[in-house]
Amino acid sequence: MKLKTNPLDVLGIRRVNFCPPTFETVDLEKTYNIEAVLSDWIEDNLTGRYFLGENVSIQNDTISSVTTVGFELSKEMSFFMLACPHLKYTR
């Protein structure tokens with residue numbers, strides 16, 4: 001088995017502290033421990049930069065706390081939405 005080193009992991013810049021406007025994002029319903037399991041899944045299955053954090057959503061005069069996930073690469077967003085098994089717990 002050949003292990004590949006991701007330069008973004010080595011430099012500690014893979015998970016960004018803010019979500020740049022160029023990232024593709026999705027807001028997910030906040031549930032218990034969802035941020036930790038999503039972070040683990042992203043680290044294990046994807047390679048690009050990403051954002052994962054709390055945000056506020058306003059829809060139909062209702063304010064709610066959501067978890068925002070953003071990816072620099074649109075193909076990683078597509079793969080995340082199709083393959084992440086933890087998303088079924090956020091709807």
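The values are calculated or read from the model by the stated rules, or taken from the named source; none is laboratory data. Just so we're clear, the structure is a prediction, and the values are computed from it rather than from any experiment. Cβ coordinates were reconstructed from backbone atoms using ideal geometry, including for glycine residues, and neighbour counts include every protein chain displayed. Quick note on the areas: whole protein, heavy atoms, side chains included, nothing else; ligands and nucleic acids left out. Shrake-Rupley method; radii C 1.70, N 1.55, O 1.52, S 1.80 Å.
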For the range 1-66, give the magnitude of the charge dipole about the Cα centre (Cβ charges: +1 Lys/Arg, -1 Asp/Glu; no others), in debye to the nearest 20. 420
0 to 90° range, to nearest 10: angle between helix 34-45 axis and the chain longest Cα axis: 30
In the range 1-77, what trypsin sites (Lys or Arg not before Pro) fall in a loop by DSSP, with at most 16 other Cβ atoms inside 10 Å? Lys2, Lys4, Lys30
How big is the C-alpha Rg of the range 1-54 next to the rule-of-thumb value 2.2 N^0.38 Å, as a ratio? 1.25
Taking every DSSP bridge whose two residues both lie in the chain, the antiparallel percent to the nearest 5 is 90
Mind pulling the angle between the C-alpha long axis of helix 74-83 and the longest principal axis of the chain? Nearest 10 degrees, somewhere in 0 to 90. 80
So what's the projected area for the chain, the Cα convex hull averaged over all directions, in nm²? 6.9
With all protein chains present, calculate the accessible area of Leu82 using a 1.4 Å probe and round the result to the nearest 10 Å². 150
